[in-house]
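Each value in this text was obtained by applying a stated rule to the coordinates, not by laboratory testing. Please read these numbers as outputs of a predicted model, since none were measured by experiment. Here the Cβ positions follow ideal geometry from the backbone for every residue, glycine too, while neighbour counts run over all protein chains shown.
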């Protein structure tokens, strides 16, 4: 079920930002830093981001106070109901997911900021045997994106990434503005944002260049947005991992700052 936890990489990714950005906020004076500072940017990029921020975030100071988040929902694979999923994330880059399947087994994935591990438990055998996962294997590349805690469209002046506008195009009767973000670890994410409502419609995640032998990509589709604590969240996430393999997530609950300790992300038997 690696496919199932691969999915949320993109939902949370559409909301969060990386450890390096978080460190920058800590090292600088937070009173002088805005995650939505567009001064001195290219005029077209500035105009787009100002409208995007106005629609998606009402208070950048609140975003800085969010230390952890929990998401709960149901998921299907190729239209078939599989079970429920819970995602817990903590700044700067800790992650844990529970995938409760309809057959009463549960898959648990943990990333403690350094290593990725997976374990499985059932009602008859609650003990978990943890197995390390190679974060550079193609099926586990999702964790590189899952480390992101705020939208990559925030903090546009971060020197560790490049952000630029693509050429607008028509799709389904809407003008779509592509926005490309390139990170220094060779991960590229292109947000596709309808000009009409400034809510991200889909995200293309790419690893390496297209002509590279290790090129990998997947697409995330976002819909059913809802305002939660002044931030717009997609409640439906559909991830196309390949041409005919699609995972749909329906988010039913989102909570912030539940007081989760770092110990929660340790892979221990229980």
Provide the gained length on full extension for the span residue 245 to residue 210, in nm with one decimal, where the gain is 0.36 nm per separating residue minus the Cα-Cα distance.
10.5 nm
Label zone at residue 262 (point 7 Å along Cα-to-Cβ), backbone N below 18 Å, the stretch 103-125:
110-117
With a ≥ b ≥ c taken as the square roots of the eigenvalues of the C-alpha gyration tensor of the stretch 152-213, please select rounded if a/c is under 1.5 and otherwise prolate if a/b is larger than b/c or oblate if it is not?
oblate
At 0.36 nm per residue, and after removing the present C-alpha to C-alpha distance, how many nm does the segment from residue 170 to residue 252 gain when stretched out fully?
26.3 nm
Just check the stretch 181-270 against the gyration tensor rule for me: Cα atoms, a ≥ b ≥ c as the square roots of the eigenvalues, rounded for a/c under 1.5, and otherwise prolate or oblate depending on whether a/b exceeds b/c.
oblate
Label-point separation in nm, residue 160 to residue 127, each point 7 Å along Cα→Cβ
4.0 nm
Cα gyration tensor, the stretch 72-132 - rounded (a/c under 1.5), prolate or oblate:
oblate
